[in-house]
Amino acid sequence: MAQDRLMVLAQRLETVPDLDRFWQLFEDGMTSVGITRFIYLSLSGDDLYMEANIDLSAAIPDGYRDPFLDYCCNSYAVTRTGAEFLSDYAYLGAQERRLIELAAQNGFRAGLGIPVRVKGSARYGGFNLGTGLSREKFEAQILPHEAAFQTFCMVAHRKLEDLIDREAEPKLPQGLEVLSTREREVFLLFAKGKTRSECADTLGISHHTVSTHLKNSYEKLGLKNKAEAARFLALGN
């Protein structure tokens, strides 16, 4: 049952247009398969992306790294996480234990740490999926579906990477979507002050081709000259 629900959820997530909708659907879907808490971490250099439905800020001082990144991302192996499994990890320090105990107080007692990129990759991290179950109940109800959760997280991560990259891209002024890619390139350069010759040199095309693209752009956007093109960009309309 859990495997079927995760498969359906993965298919639905593939169709979402933005991060807000992704996380809303993700949280609802996780609840349907018994996961009530989640933390997603993805690190590239100093760029950390995090989403969670549990607040652990009281146990995270400035500059502190979540232990998931250091202890769970050295391979693609799934790790049992949470206070119910704390006795299995004698090597954890006081700060890590405080974080795990605070998570337990907020409903994350037993979970699965699922890496989707290992430490050393350009961007690495993964999902920490939690429940309020005891160790015994967790091992009976959740662990049998570990492989299905791992596959699901890989699929969800690929979609997340796409959405994160898309939201980081600069937004085009409204209306430019009617232009072709080359028309848009020429129009933006010209409207920002480049001459036709400079546009041609920058894009490696002829002066005549620049003029043709500008003519087509003006017609599609209902503009008459460079001044109107500059005003169009300034107004974002």
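The values are calculated or read from the model by the stated rules, or taken from the named source; none is laboratory data. Everything numeric in this text was worked out from a predicted model, so none of it was measured. Glycine gets a Cβ as well: all are built from the backbone with ideal geometry, and neighbour counts include every protein chain shown.
When region 129-148 is limited to residues that are out of contact with any Asp or Glu (no Cβ under 7 Å at 6 or more places or on another chain) and surrounded by 22 or more Cβ atoms within 10 Å (Cβ to Cβ), the one that is farthest from W23 (Cα to Cα) turns out to be I142.
With the condition kept exactly as written, say whether any residue in region 170-189 is assigned to a helix (DSSP H, G or I), more than 27 Å from the chain's Cα centre (by Cα) and of a type in the set (G, A, S).
Residues of region 170-189 assigned to a helix (DSSP H, G or I): 176-178, 181-189.
This time we only want the ones that are more than 27 Å from the chain's Cα centre (by Cα), so: 178, 182-189.
Right, trim to of a type in the set (G, A, S) and you get none.
There is no residue in region 170-189 that is assigned to a helix (DSSP H, G or I), more than 27 Å from the chain's Cα centre (by Cα) and of a type in the set (G, A, S).
So for region 223-233 (the condition being in contact (Cβ under 8 Å) with a residue 60 or more places away in the chain and either touching a helix residue (DSSP H, G or I) at 6+ places or on another chain (Cβ under 6 Å) or surrounded by fewer than 16 Cβ atoms within 10 Å (Cβ to Cβ) (or both)), does at least one residue qualify? Steps first, please.
Quick first cut of region 223-233, residues in contact (Cβ under 8 Å) with a residue 60 or more places away in the chain only: 233.
Applying the additional criterion that residues be either touching a helix residue (DSSP H, G or I) at 6+ places or on another chain (Cβ under 6 Å) or surrounded by fewer than 16 Cβ atoms within 10 Å (Cβ to Cβ) (or both) yields 233.
Yes, that holds for at least one residue.
Note on region 108-144: residues that are within 24 Å of the chain's Cα centre (by Cα) and not hydrophobic (A, V, I, L, M, F, W, C) amount to 14.
Determine whether E185 is farther than 30 Å from R12 by Cα, out of contact with any helix residue (DSSP H, G or I) (no Cβ under 7 Å at 6 or more places or on another chain) and not assigned by TED's automatic domain parsing to the domain that holds D20.
Working: farther than 30 Å from R12 by Cα: yes; out of contact with any helix residue (DSSP H, G or I) (no Cβ under 7 Å at 6 or more places or on another chain): no; not assigned by TED's automatic domain parsing to the domain that holds D20: yes.
Spelling it out, it is not the case that E185 is farther than 30 Å from R12 by Cα, out of contact with any helix residue (DSSP H, G or I) (no Cβ under 7 Å at 6 or more places or on another chain) and not assigned by TED's automatic domain parsing to the domain that holds D20.
Among the basic types (K, R) and farther than 29 Å from L25 by Cβ: does that describe R166? It is false that R166 is among the basic types (K, R) and farther than 29 Å from L25 by Cβ.
From G130, G126, G111, G193, grab the single residue that is within 30 Å of L221 (Cα to Cα) and not in a helix (DSSP H, G or I). Walk me through how you get there before you give the answer.
Details: G130 fails: within 30 Å of L221 (Cα to Cα); G126 fails: within 30 Å of L221 (Cα to Cα); G111 fails: within 30 Å of L221 (Cα to Cα).
Just a single option satisfies the conditions, and that option is G193.
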